[in-house]
Amino acid sequence: MIAFGRIYLVVIITFLYLPIAVMVAMAFNESELYTLPIEPSLRWFAKLAANAPLLSASRNSLLIAFATSAIATALGAMAALALERRQFRGRTLLRLLLLPPIAIPWLIIGTAMLVFFFWTGIGRGLHALLIGHVALAIPYVVLIVGAGLQTLQADLEEAAMSLGSTPVHAFFMITLPLWLPSVAAAALFAFAVSLDQFVISYFLSTPGVSTLPVEIYSSIRKGFTPEINAISTIFLAVSSALIFVFAQLSNLGGKRGSG
Amino acid sequence: MVRVEACSIGKLYGGVLVLDQVSVAFQPGLLTSLLGPSGSGKTTLLRVIGGFVAPDEGEIRFNGEDVTSVPLWRRNVGMVFQSYALFPHMTVEQNVVFGLNRRGVRGEAARKETARALEMVRLTGLERRRPKELSGGQQQRVALARAIVTNPRVLLLDEPLSALDRRLRQDMQIELRRIQRESGLTTVFVTHDQEEALTLSDSVAILDRGKIVQEGTPGAIYERPRTRFAASFLGDANFFTGRATQGGVETAAGLILTGYALPPIGTSATIAVRPEKMKIFGARSADFETSDENKIQAVVAEIVYAGAVSTILLKSADGGQIKVLTQNREMSLAAPGECVSLAWSAAHSVVIED
């Protein structure tokens, strides 16, 4: 059984990481045609530096991802606080309404957004991309930080208040520090949702202004170049670094809790 | 020391009257238990006193001063929560010093007060631990130290022992009593456990459906319950209902004499008798001579042996169940199926409101 489990694990890891490994290897390969053996070269990175549309799209992607992460986390955290800690009319309904956007196909959401944005005069472009991504990321944020809030006892704040803390002081001294790991996780998730997004971005970008996934898609349609391997490798490095930082952070949170 | 009063407190939760004109006084430096079943409003009353919830009507007074509108963070109460609510990201010391810092006590003075409180709850040496590294009993002590370190005007305890196992709970009862006496704090203790209320309290207030049913010392309530609810919630009781006559009640089990005042002759009346007040005389028993006024016949149904004592369940002539608690000083006098006599003094036939 253990041997079988090991094989299973190796197969999964292989299928997950082998394509990525091939892509990274080819980004550093001199040949354009995936020929082996690999001749180490930074040629494609140099070519990438001259590819203005790909670079501009990368910039847009990062900008939107960071902005989406910040805005969606702030709004989502506030929404989660209200949903978890306040009693108000329509609370249950609101909580239920958060879930469908996660399950509705992006193609449908994208179409709906496009129609709506034209109808309201918001149109397409960077701002439309940002609004779309924030709207998309908020349900995930609310779910993640809401779950984090549920594990915090509500009477901790009451205890702090009985000891002389004002509600604001109690929130910042007690709730926020304990809540931070799940807020950070939500921010990372929102960042990933935005960076990953293709369908909605495709609908909302204009020929001049697009994001990296959209730009890669149009480049591939014109003909594949290893520059895409290069930019993907850079993004892979960035997101791996982010995940690593987050893992460190949440690990620290765990240590803080247990010892 | 602070005298705490709740004056005609009323509280509605979602259309349900949780507290109905509750008035009760908590004497300075004494421990008063709020005893009642779940849903009786005892925890709500505690939370109203502390300022965790605002009452819909009535006043809370500390030494005569109306504090109803003073917010929780300025009311200076010490609260021990059922879940302890210790701050998990802080050490024991940081937990205890939190309230001192909030009240402007810092530095050396705060350190000294914290050490004193931790010593009082016997946790010296565990200052640097996190709550998760402590046992349930230790967490409970931290919660207590944190609540008393600021010398609050009133100490509020919300079923603080219910999460501990039986053995630890008994030890903590004794500890809690010692700490409460040493600190001299006016204390309100919420519990649904009658045994806890009896052992811990200077005074008990029994709540039922948002109303105070009876208040007094544990002994006074036990010996002289006023209602059927008070009689059965604090301790056990046998009830006999019938028609009031001169000096007694005519019941299906026979005439039961009482030393207590009765309602008008001919009206319905109920008598409560504590199980340990009744004596059992078996058919073979030699000393059937007794000065007790009340004697009835009953058949032994079951004997529940519990070491030092036995509970004997009997059926009276009219089929009613009677419970008698006897000390197992000698070999059992009765056996199931045996017809016996029960005797008790008229002074132990307490007339109650049904």
Of the residues A:L114, A:L163, A:L97, A:L107, which is crowded, with 18+ Cβ neighbours inside 10 Å and away from chain B (no Cβ under 14 Å)? A:L114
Can you tell which of A:V168, A:V209, A:V193 is within 17 Å of the chain's Cα centre (by Cα) and either among the aliphatic types (A, V, I, L, M) or modelled with pLDDT of 90 or more (or both)? A:V193
Single match in B:L161, B:L123, B:L155, B:L118 (criterion: surrounded by 20 or more Cβ atoms within 10 Å (Cβ to Cβ) and under 26 Å from B:R61 (Cα atoms)): B:L155
Could you list all residues from the range B:139-182 that are under 27 Å from B:V67 (Cβ atoms) and touching a Phe, Trp or Tyr at 6+ places or on another chain (Cβ under 6 Å)? B:A143, B:R153, B:L157, B:D158
Look through the range B:112-128, keep the residues that are in contact with a Leu (Cβ under 9 Å, 6 or more places away or on another chain) and within 20 Å of A:M173 (Cα to Cα), and return whichever of them is farthest from the other protein chains (Cβ to nearest Cβ). B:E127
Counting only residues that are of a type in the set (S, T, N, Q) and under 24 Å from B:A6 (Cα atoms), give me the strands (runs of 3 or more DSSP E) lying completely in the range B:159-262 with at least 2 of them. B:187-191
So which residues in the range A:171-188 are away from chain B (no Cβ under 11 Å) and hydroxyl-bearing (S, T, Y), if there are any at all? A:S182
Being in contact (Cβ under 8 Å) with a residue 24 or more places away in the chain and of a type in the set (G, A, S): is that true of A:A170 here? no
Within the range A:81-103, identify whether any single residue is small (G, A, S) and either touching a Leu at 6+ places or on another chain (Cβ under 6 Å) or in contact (Cβ under 8 Å) with a residue 12 or more places away in the chain (or both), and answer yes or no. no
Single unsatisfied condition, B:M90 versus (1) among the hydrophobic types (A, V, I, L, M, F, W, C); (2) within 22 Å of A:W179 (Cβ to Cβ); (3) at the interface with chain A (Cβ under 8 Å from one of its Cβ atoms): (3)
Selection within the range A:62-72 - crowded, with 24+ Cβ neighbours inside 10 Å and of a type outside the set (A, V, I, L, M): A:T68, A:S69
Among the candidates B:G50, B:G36, single out the residue that is within 29 Å of the chain's Cα centre (by Cα), within 14 Å of chain A (Cβ to nearest Cβ), in contact (Cβ under 8 Å) with a residue 40 or more places away in the chain and closer than 26 Å to B:D208 by Cα. B:G50
Kindly provide the set of residues from the range B:141-162 that are among the polar types (S, T, N, Q) and within 14 Å of chain A (Cβ to nearest Cβ), ordered by number. B:T150, B:N151
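The values are calculated or read from the model by the stated rules, or taken from the named source; none is laboratory data. Keep in mind it's a predicted model, so treat the numbers as computed, not measured. Please note: Cβ atoms are built from the backbone with ideal geometry, for glycine as well, and neighbour counts cover all protein chains shown.
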